[in-house]
Amino acid sequence: MIEAGSTAFWRATLALCIGSFMIFANVYVTQPLLPTIAAHFEISELEANWSFTITTLMLGLSLLIYGPLSDAVGRKNIMAVTMSCVVLTTFLLSQTNDYHQLLILRGIQGFCLGGLPAIAVAYLGDEFRKEAMLMAVGFYISGNSLGGIGGRLIGGFVGEWLGWSEAFLVMTLLSFVLLAAFLFLLPASQHFSAKPLNPVSMLSGMKQHLRNPLLICAYLVGGLNFFIFINQYSFITFTLAAEPYHLSPAWLGMLFLTYLSGTVGSAISGRIARSISQTACMMIGIACMMGGTLITLMPSIATIIVGFLLSAFGFFFTHSTASAWVSHNANENKASASSLYLVFYYIGASTGGFYLSPFWQWMGWSGVVIGSLIVLSITLSITVFLHKLNRHVLNGAIAL
């Protein structure tokens, strides 16, 4: 098993961070371009957001396949094949100028993008010791946030300079380089134990996960937090593109540098979780999200940035902790348990816009804040319940 701080630890962790950067840069490249896409294709804000939500929806659904499949046939090969398909679909996106074709390709791309997220944490659970895995998950989630930043910066700057389709072409070239580095660095699995690919067994394993309250609470926290967090960014781009801000796509892309605080939150989550409970970490993270959301009500770019910095820190701090929690509390079929977490996570991302849209139509950004705080209050309550439930389980009062 891989020890924390060893050469193998840093090699594997770097590979997964590189892969994570590639995946999430491709997911989020369209987000700063939403006002541009809406104007180019003469569609509404909600319709433009479909170019993002279709990707996250298909990504989430694909996890139901990749996780159990990797339990049967292995980890690295599936990640390599699906990431190669991402490079191809990204190139095809750069060649289309029809919005319906763009949506279809983004859906296919989303299905391919699910390969690495479905398997990465399970790979860590197979190959790393517990303490090493806690640290590696934090770094891996940091790669998620850096990829989100990189994709949005490419979308914003290249989109403004050359056009939205050229942003996909630049992303194709970058993805190819990152794929090559990933394949070179990631060690082959040494401790993977294959299980027969049995659909009945797969469904049984997923039912078992969904009956485990320690897991289902984490699934709801991850899904509902992302339901709010990622769609706040979509609506704030329309706010900042309009009066009185009039920000261009490049400057809208710069807003996503606030993800850097999330990178810090992810990286330190494993260390802090060794000092206080993981459930306490989740509560702290959600409280930060709520505070950051409230700060954005102050009508200046500076306070909006501060609010998103705090929200991003809290979100990724909670997300990395919840991801590790799922891997620790799944007694078997860890890949399918992690995949189910991400199914909730990405279905949340793809549906949150529909929930927040009526609040946006009602009161603009203030309405989005109100809708956000309602859901974050629910996730905070779930985490408090999970904290109490876990104490009962540890004391032997409840047997799972």
Inset, instruction - Under 11 Å from the Cβ of residue 116, count the other residues' Cβ atoms, weight Lys and Arg +1, Asp and Glu -1, and hand me the total. - result: +2
Legend entry - Label-point separation in nm, residue 80 to residue 203, each point 7 Å along Cα→Cβ: 3.4 nm
Inset, instruction - Determine the gain in length on full extension of the stretch residue 250-residue 129; use 0.36 nm per residue of separation and subtract their C-alpha separation, reporting nm with one decimal. - result: 39.3 nm
Inset, instruction - Determine, from the Cβ-Cβ distance of residue 354 and residue 96 and an R0 of 35 Å, the FRET efficiency 1/(1 + (r/R0)^6), rounded to the nearest 0.05. - result: 0.90
Inset, instruction - Rounded to the nearest 500, what is the 222 nm mean residue ellipticity of the chain from helices alone, with -39500 (n - 2.57) per DSSP H run of 4+ residues and division by all residues? - result: -28500 deg cm²/dmol
Inset, instruction - Estimate the FRET efficiency between residue 305 and residue 195 by the formula 1/(1 + (r/R0)^6), using the beta-carbon distance for r and 51 Å for R0, to the nearest 0.05. - result: 0.60
Inset, instruction - Kindly rank 377-389, 67-79 from highest to lowest mean number of other beta carbons found within 10 Å of each residue. - result: 67-79, 377-389
Legend entry - DSSP H segments from the chain that extend 30 Å or more along their own axis, Cα-based, with Kyte-Doolittle mean of -1.0 or above: 7-28, 45-73, 130-161, 164-185, 213-241, 301-329, 334-363, 365-394
Legend entry - Set of aspartates and glutamates with alpha-carbon distance to residue 207 below 19 Å, sequence-local pairs under 8 removed: 71, 332
Legend entry - Test item: Cα-centred dipole of the chain, Lys/Arg +1 and Asp/Glu -1 on Cβ, debye: 1200 debye
Inset, instruction - Among the lysines, select those whose C-alpha is under 25 Å from the C-alpha of residue 76, and discard any that sit fewer than 8 residues away in the same chain. - result: 130, 195, 334
Legend entry - Theoretical gain in end-to-end length, residue 377 to residue 73 [0.36 nm per residue, Cα-Cα removed]: 105.4 nm
Inset, instruction - Give the long-range amide H neighbours of residue 128: residues separated by 5 or more places, or on another chain, with amide H under 5 Å away, using H modelled in the peptide plane at 1.01 Å from N. - result: 2
Legend entry - Packing-based ranking, highest mean first, of 301-311, 108-118 given that Cβ atoms within 10 Å are counted: 108-118, 301-311
Legend entry - Burial ordering of 272, 347, fewest other beta-carbon atoms within 10 Å first: 272, 347
Inset, instruction - Evaluate the distance, in nm, between pseudo-label points positioned 7 Å from the Cα of residue 387 and of residue 40 along their respective Cα→Cβ axes. - result: 4.6 nm
Legend entry - Any cysteine of the chain lacking a neighbouring Cys Cβ under 4.7 Å - listed by number: 17, 217, 281, 288
Inset, instruction - Work through the residues other than residue 138 whose Cβ is under 14 Å from its Cβ and net out their charges, Lys, Arg +1 and Asp, Glu -1. - result: +2
Inset, instruction - Please compute the net charge surrounding residue 167, taking Lys and Arg as +1 and Asp and Glu as -1 over other residues with Cβ under 11 Å from its Cβ. - result: -1
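Every read-out reported here was derived from the displayed coordinates using simple, explicitly stated rules and does not represent laboratory data. Keep in mind that what you see is a predicted model, and the values were worked out from it rather than measured. In this analysis, Cβ positions are derived from the backbone assuming ideal geometry, glycine residues included, and neighbour counts consider all displayed protein chains.
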